[in-house]
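One structure below.
The values are calculated or read from the model by the stated rules, or taken from the named source; none is laboratory data. Please read these numbers as outputs of a predicted model, since none were measured by experiment. Positions of Cβ are backbone-derived with ideal geometry, glycine not excepted, and every protein chain shown enters the neighbour counts.
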Amino acid sequence: MKLKIFSSSTRGLTEILAKLNDNGNHPRFSRMLSCSQRRVGLGDVVGALPKYQRDLGHVSKVVMPMYRTKFLRDNQFEVVHKGYTHLHNYWFNYTIIKESTNKLGFDLYLVDIFGLLDREKIYGYGDDTERFFAFQIAVVDWLAVWKHHPDVIHVHDHHCALIPFMVNIVTPTSICRG
């Protein structure tokens, strides 16, 4: 199956998936990855969308930047991947961690980039553009080697907006190419 990439609201994506399941022309999506930021509005999407998708029979996973928050301190995580990539001339290490108890009802992966994402606030830094570019590059780099290739990637807002482009156009070893 060719990878599908959507950028829409929770309700909109849920309706699209339901139609694709019911028309008989598309197989049921078995794996979905949502990329998002956690803030008012999108926080609701991150918590609700995977549960709606699960009710439709989909396996959903969420990937977000890792910030130094109460949720991070109060929960158990395991390292699932370490990588090294670059943003132009800036090379950086990144770590993907996964919430290990599945307390949310779906797999939650967080991307840590030391010096860029290891902060308490989401916005308001002079290097926000570099931070969000680096997050997207790390996600795409990880997707190229991740064993759970998604059938659908759903992205939210400008923090993740380049992921569809990067997956389909920029990354030659992309999961979409074959």
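Selection within the stretch 55-96: residues that are assigned to a strand (DSSP E or B) and modelled with pLDDT under 85. The member of this set that is nearest to H158 (Cα to Cα) is S60. When the stretch 103-148 is filtered for residues that are in contact (Cβ under 8 Å) with a residue 40 or more places away in the chain, of a type in the set (D, E) and surrounded by 12 or more Cβ atoms within 10 Å (Cβ to Cβ), the ones remaining, listed by number, are D107, D112, D118, E130, D141.
Which one is modelled with the highest pLDDT, of the residues in the stretch 141-157 that are outside any strand (DSSP E or B) and under 24 Å from G47 (Cβ atoms)? Per the stated criteria, the residue is W142.
Once the stretch 103-132 is narrowed to residues that are β-branched (V, I, T) and assigned to a loop (DSSP other than H, G, I, E, B), the residue that is nearest to L143 (Cα to Cα) is I113.
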